[in-house]
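Engineer: First the structure, then my questions, so here it is.
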Amino acid sequence: MNAPSRSPSSRRRFLQFSAAALSGVALANCRPQIADPGGNSGGSGSQNSLSIYSWSNYFDDELLSSFTAETGIRIVADVFDSNEAMLARVQAGGGAAYSIIYPSDYMVQQMIELDLLTELDKSRLEGLDRLLDQWQNPVYDPNNAHSVPTTWGTTGLVFSRSRLNPAPADWDFLWEQQSQLNGRLTLFNDVREVMGAVLKSLGFSYNSTDPAQIEAAYNRLRELKPAIASFTTDGWRDQIVTGDLLVAMGYSSDAIDLATEAPDIEYVIPASGSSLWTDTMVIPKTAPNPEGAYAWMNFLLKPENAARAVERLKFATPNQAAIDLLSPELRNNKNLFPPAEVLAKCEGIAPVGAATELYDRYWTQITSA
Amino acid sequence: MAVSPSSASTPVQTSSPSIANRLSRLVQPLLLLAPAGVWLLLLLVIPTLMILNISLIPGLRPGEIPGAYGLGNFLRIFDPINLRVMGRSLYFAIGTTIICLLLGFPVAYWIALLSPPRWRNLLLVAFVLPLWTSSLLRDYAWITILRPTGVLNSLLGAIGLPPQSLLNTGTAVIIGLSYSFLPYMVLILYASLEKLDRRLLEAAADLGANARQAFLKVTVPQTLPGIAAGSLLVFIISLGDFIAPELLGGASSMTIARLIYNQFLGATRNWGFGSALSMILILAVSLAIALLLKYGDRDIESY
């Protein structure tokens with residue numbers, strides 16, 4: 001959980017995660033059917049099945065069954081709950097079965113550096129030109145050479161409108177209202193997101209590698225410590241509804257999800273900027289079924305498929321053609337698709353190289369003080 | 001003639017089973033121990049040696065070329081930041097052990113000595129029942145109980161007492177850990193108390209000891225190995241637990257288990273340092289077990 005793991009709603013919540021794990025079991029039960037001789041008698045079983053390693057909330061039955069109906073390929077899905085856990089498994093050799101993996105932006109960059117990813121054959125992909133400009137040439141993977149962006153979102157502050165006055169607008173709010181927040185604020189259990197937010201509040205980059213800036217952020221975070229109830233990426237949902245918490249750092253996807261259940265809950269992207277995350281699809285070098293992997297990518301690049309997935313699963317898509325197909329209500333949801341001027345201030349979390357150790361050291365210090 | 005072969009064959013016959021005996025005496029333990037031995041070798045000894053190997057390479061990260069051997073990882077453990085993390089882990093573990101002992105002994109004593117015999121097994125099962133649920137679930141339950149508007153404060157409010165803010169404190173962690181591991185303590189103490197020689201208690205009473213003296217001078221010394229074993233087990237498992245500190249401990253909840261986790265599955269991916277921390281944990285636990293074997297067993301034999 002300390003890992004910079006991020007993305008939509010449910011995937012970090014334990015209960016939903018276990019539900020997802022169960023559905024993983026259910027999906028795994030497809031295996032005997034995959035090996036069923038009733039399928040392609042000539043081909044090997046692996047051409048008829050596609051193993052995907054992903055965050056838990058990017059699938060539902062409808063998506064999988066429509067893919068199988070269209071291509072005849074069955075999906076075997078496993079889920080992970082942090083990029084680092086996924087990487088550790090892949091590096092330990094446990095990822096050989098997967099033809100598609102869903103790493104986040106900075107992890108794509110890391111996996112490229114570790115030479116784990118196949119360079120994509122663009123002639124086999126249709127619809128990359130429909131992506132929003134922002135994702136045509138992302139920093140983490142220039143020209144999308146190894147990855148196809150599939151979902152994105154932001155980090156911000158979640159709060160209960162009726163209990164909090166004034167409403168937060170920027171990170172500075174946390175320090176200004178510290179006495180009000182006393183022990184009723186949660187920040188992520190993720191050193192980069194938390195330190196990044198503090199860096200932003202000081203006017204620095206989310207991805208600063210300057211030791212002086214990082215130290216300044218550490219000192220400012222230490223000031224805020226009495227107000228912090230705990231560092232948790234997903235444990236704030238129930239407690240913000242009950243009023244035990246007043247403000248929580250949260251992912252846009254979690255906030256949107258919660259707001260549908262509790263209308264009093266609001267989400268704001270801090271004015272000085274925040275983090276903008278992207279989850280992607282990649283093909284590992286060890287992929288047993290690259291054909292199937294391209295089929296899956298093309299399936300999700302089709303605007304109508306992407307739009308239907310967004311409507312059901314409530315994540316933001318970088319696919320302009322899919323956005324055009326959405327209902328106006330979803331398309332104009334400012335939390336799901338923030339205005340360009342807000343996004344312009346947000347940064348993607350990027351690897352910070354040797355400074356990682358420094359961040360980690362301050363993190364150990366702040367969480368053990 | 002009829003005698004000599006038989007007399008000649010007799011020593012042969014007696015010697016051949018004795019060889020077979022000796023052989024079987026050699027083979028039998030081998031056969032019996034082999035599965036467990038192979039298991040231990042493959043899944044405990046070799047992995048531990050691998051961890052030791054990794055721990056001796058400073059700053060080793062997967063996917064990078066390993067540097068030279070050195071003690072850098074172990075030296076880093078003595079950084080005050082890391083020592084403080086270990087101090088907190090020890091505080092949680094020792095606190096939990098003491099609470100479990102204080103709460104567990106009366107319960108085990110009552111079940112073993114005072115409760116109706118036919119109910120004993122049922123009582124034990126009832127006590128162990130919480131272990132059947134996931135520890136994650138148990139700690140989530142404690143969040144519901146301890147949070148500011150939770151069950152505890154509703155109850156306190158109803159009887160006119162001031163609300164307590166326990167969630168996200170060290171106290172909450174020790175409550176969660178103690179609740180989780182109390183059944184282990186009770187089981188072990190029960191096993192020890194059940195064997196208590198009650199004639200000694202009668203003798204103590206006959207010789208004029210009052211209840212308190214009899215308890216301190218007869219019951220406690222006899223159950224000392226059980227107390228040691230139970231305390232040690234609770235100490236070891238609470239030292240390695242990170243669910244309770246993570247969920248209940250609030251903003252200052254870093255423990256050694258979590259620190260190790262961060263080295264392997266966190267952003268730094270410093271497997272070398274993580275392995276060194278693991279080795280320290282393994283060493284501490286082994287030391288504790290060695291102490292138990294040395295002092296615990298001797299007492300058992302003296303009965």
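The values are calculated or read from the model by the stated rules, or taken from the named source; none is laboratory data. Nothing here was measured: the structure is a model prediction, and the numbers come from that model. A quick note on method: Cβ atoms are made from the backbone with ideal geometry, for glycine too, and the neighbour counts reach across all protein chains shown. Keep in mind that these areas ignore ligands, DNA and RNA; they rest on the heavy atoms of the full protein, side chains included. Shrake-Rupley method; radii C 1.70, N 1.55, O 1.52, S 1.80 Å.
Engineer: Students sometimes get this wrong: rank B:212, A:312, A:163, A:237 by accessible area, probe 1.4 Å, all chains present, largest first.
Structural biologist: Accessible-area ranking of B:212, A:312, A:163, A:237, largest first: B:212, A:163, A:312, A:237.
Engineer: For every helix of n ≥ 4 consecutive DSSP H residues, a contribution of -39,500 (n - 2.57) applies; sum these over the protein assembly as shown, divide by its total residues, and give [θ] at 222 nm rounded to the nearest 500 deg cm²/dmol.
Structural biologist: It comes out at -16500 deg cm²/dmol, rounded to the nearest 500.
Engineer: Would you work out the charge dipole size for segment A:311-356 about its Cα centre, treating the Cβ of every Lys and Arg as +1 and the Cβ of every Asp and Glu as -1, and quote it to the nearest 20 debye?
Structural biologist: About 100 debye.
Engineer: Additional query: Could you order A:89, B:61 by accessible surface area, starting with the largest, using a probe radius of 1.4 Å?
Structural biologist: Heavy-atom accessible area, descending, gives A:89, B:61.
Engineer: Further, regarding this structure: Can you list the chymotrypsin sites (Phe, Trp or Tyr not before Pro) in segment B:65-122 that are in a DSSP coil and have 12 or fewer other beta carbons within 10 angstrom?
Structural biologist: Here the chymotrypsin sites (Phe, Trp or Tyr not before Pro) that fit, given the DSSP loop and packing criteria, are B:69, B:78.
Engineer: If you average 1/r over every pair of different alpha-carbon atoms in chain B and take one over that average, what Kirkwood value in Å do you get?
Structural biologist: Numbers: mean 1/r = 0.0421 Å⁻¹.
Mean inverse Cα-Cα distance, inverted, gives 23.7 Å.
Engineer: Based on the alpha carbons, how large is the Rg to Rh ratio for the protein assembly as shown when Rh follows Kirkwood?
Structural biologist: Using only Cα positions, Rg/Rh for the protein assembly as shown is 1.06.
Engineer: Next question. Pop a pseudo-label 7 angstrom from the Cα along the beta-carbon direction at both residue B:164 and residue B:200 and give the gap in nm to one decimal.
Structural biologist: 3.7 nm
Engineer: What is the dipole size for segment B:156-303, taken about its Cα centre, with +1 at each Lys and Arg Cβ and -1 at each Asp and Glu Cβ, in debye to the nearest 20?
Structural biologist: 200 debye
Engineer: If I compute solvent accessible area with a 1.4 Å probe over the protein chains, what percent of it on the protein assembly as shown is carbon and sulfur?
Structural biologist: 63 percent
Engineer: How far apart, in nm, are the 7 Å Cα→Cβ label points at residue B:28 and residue A:205?
Structural biologist: Spacing of the two 7 Å Cα→Cβ label points: 7.4 nm.
Engineer: Only Cα pairs under 8 Å and at least 6 apart count here; give the relative contact order of chain B as a rounded whole percent.
Structural biologist: Answer for chain B is 26 percent.
Engineer: Rounded to the nearest 0.05, what FRET efficiency do residue A:223 and residue B:78 give with R0 = 30 Å and r taken as the Cβ-Cβ distance? Could you check?
Structural biologist: On the way: r = 29 Å, r/R0 = 0.95.
The pair residue A:223/residue B:78 has a calculated efficiency of 0.55.
Engineer: Of B:187, B:200, B:177, which has the largest mean-square fluctuation in a 10 Å C-alpha GNM of chain B?
Structural biologist: Greatest mean-square fluctuation among the candidates belongs to B:200.
Engineer: Please go through the residue pairs A:200/A:285; A:122/A:345; B:217/B:294; A:314/A:345 and name each one whose alpha carbons sit more than 27 Å apart in this structure.
Structural biologist: In this structure, A:200/A:285; A:122/A:345 lie more than 27 Å apart at Cα.
Engineer: Oh, and also: Relative contact order of chain A: what whole-number percent is it, with Cα pairs under 8 angstrom and at least 6 residues apart?
Structural biologist: Over chain A, the number comes to 26 percent.
Engineer: Can you tell me how much longer the chain between residue A:163 and residue A:215 gets when fully stretched, taken as 0.36 nm per residue apart minus their C-alpha distance, in nm with one decimal?
Structural biologist: Working it through step by step, the gained length comes to 15.4 nm.
Engineer: Per residue of segment B:103-110, in order, report the coupling 6.51 cos²θ - 1.76 cosθ + 1.60 (Karplus, θ = phi - 60°) as ³J(HN,Hα) in whole Hz, putting x for Gly and Pro.
Structural biologist: Once rounded to whole Hz, the list reads 7, x, 4, x, 5, 4, 4, 5.
Engineer: Still on this structure: Using heavy-atom solvent-accessible surface (probe 1.4 Å) with all chains present, what is the largest-first order of A:225, B:195, A:122?
Structural biologist: Solvent-accessible surface, decreasing: B:195, A:122, A:225.
Engineer: Let me ask something additional. Apply 1/(1 + (r/R0)^6) to the Cβ-Cβ distance of residue A:175 and residue B:19, taking R0 = 56 Å, and write down the FRET efficiency to the nearest 0.05.
Structural biologist: After rounding to 0.05, the efficiency reads 0.10.
Engineer: Any idea how far the Cα center of segment A:138-178 sits from the one of segment B:142-185, in Å?
Structural biologist: Spelled out, the Cα-based centre of one part sits 33 Å from the other.
Engineer: Follow-up question, since we're still on this one. Kindly give Rg over Rh for segment B:238-281, based on alpha-carbon atoms, with the Kirkwood expression for the hydrodynamic radius.
Structural biologist: The Rg/Rh ratio comes out at 0.98.
Engineer: Using a probe radius of 1.4 Å on protein heavy atoms only, what is the accessible area buried between chains A and B, both sides summed, to the nearest 100 Å²?
Structural biologist: The contact between B and A buries close to 2800 Å².
Engineer: Compare A:137, A:48, A:165 in a GNM of chain A, Cα atoms joined below 10 Å, and give the one with the largest fluctuation.
Structural biologist: Largest GNM mean-square fluctuation: A:165.
Engineer: Rounded to the nearest angstrom and ordered from largest down, what semi-axes does the equivalent ellipsoid of chain A get from its C-alpha gyration tensor (root of 5λ)? Could you put the intermediate results ahead of the total?
Structural biologist: On the way: eigenvalues 258, 95, 75 Å².
Listed largest to smallest, the semi-axes of chain A are 36, 22, 19 Å.
Engineer: Using protein chains only and a probe of 1.4 angstrom, how many square angstrom of residue A:349 are accessible, to the nearest 10?
Structural biologist: Approximately 10 Å² for this residue.
Engineer: So how far apart, in nm, are the two label points at residue B:209 and residue A:272 if each is 7 Å from Cα heading toward Cβ?
Structural biologist: Going by the 7 Å Cα→Cβ label model, 7.0 nm.
Engineer: What are the aspartates and glutamates whose alpha-carbon lies under 19 Å from the alpha-carbon of residue B:195, with same-chain residues fewer than 8 places away excluded?
Structural biologist: B:297, B:299, B:301
Engineer: List the equivalent ellipsoid semi-axes of segment A:203-249 in whole Å, largest first, each obtained as the square root of 5λ for an eigenvalue λ of the Cα gyration tensor.
Structural biologist: Semi-axes (√(5λ), whole Å): 28, 12, 8.
Engineer: Report the chymotrypsin sites (Phe, Trp or Tyr not before Pro) located in segment A:225-256 that are in a DSSP loop and have at most 10 other Cβ atoms inside 10 Å of their Cβ, or state none. It would help to have the intermediate numbers written out before the result.
Structural biologist: On the way: sites: A:231, A:236, A:251; in loops: A:236.
When the chymotrypsin sites (Phe, Trp or Tyr not before Pro) of segment A:225-256 are filtered for loop state and at most 10 Cβ neighbours within 10 Å, nothing remains.
Engineer: Over segment B:18-163, what is the mean sequence separation of C-alpha contacts under 8 Å (at least six apart), divided by residue count, expressed as relative contact order in percent? List each step's numbers first, then the result.
Structural biologist: Numbers: 47 pairs, mean separation 10.7, N = 146.
Reported relative contact order: 7 percent.
Engineer: For segment A:50-136, list log₁₀ I(q)/I(0) at each q in 0.11, 0.22, 0.23 Å⁻¹, using the Debye formula over Cα point scatterers of equal strength and ignoring solvent, two decimals each.
Structural biologist: Relative scattering, expressed as log10 I(q)/I(0), comes to -0.37, -1.30, -1.33.
Engineer: Rounding to the nearest 20 debye, state how big the charge dipole of the protein assembly as shown is about its Cα centre with +1 on each Lys and Arg Cβ and -1 on each Asp and Glu Cβ.
Structural biologist: In debye, rounded to 20, the protein assembly as shown gives about 2260.
Engineer: State in Å² the accessible area per residue of the protein assembly as shown; use a 1.4 Å probe, count heavy atoms of protein chains only, and round to the nearest integer.
Structural biologist: Averaged over the residues of the protein assembly as shown, the accessible area is 46 Å².
Engineer: Anyone know which of A:202, A:50, A:301 comes out most mobile in the 10 Å Cα GNM of chain A?
Structural biologist: Of A:202, A:50, A:301, the Gaussian network model singles out A:202 as fluctuating most.
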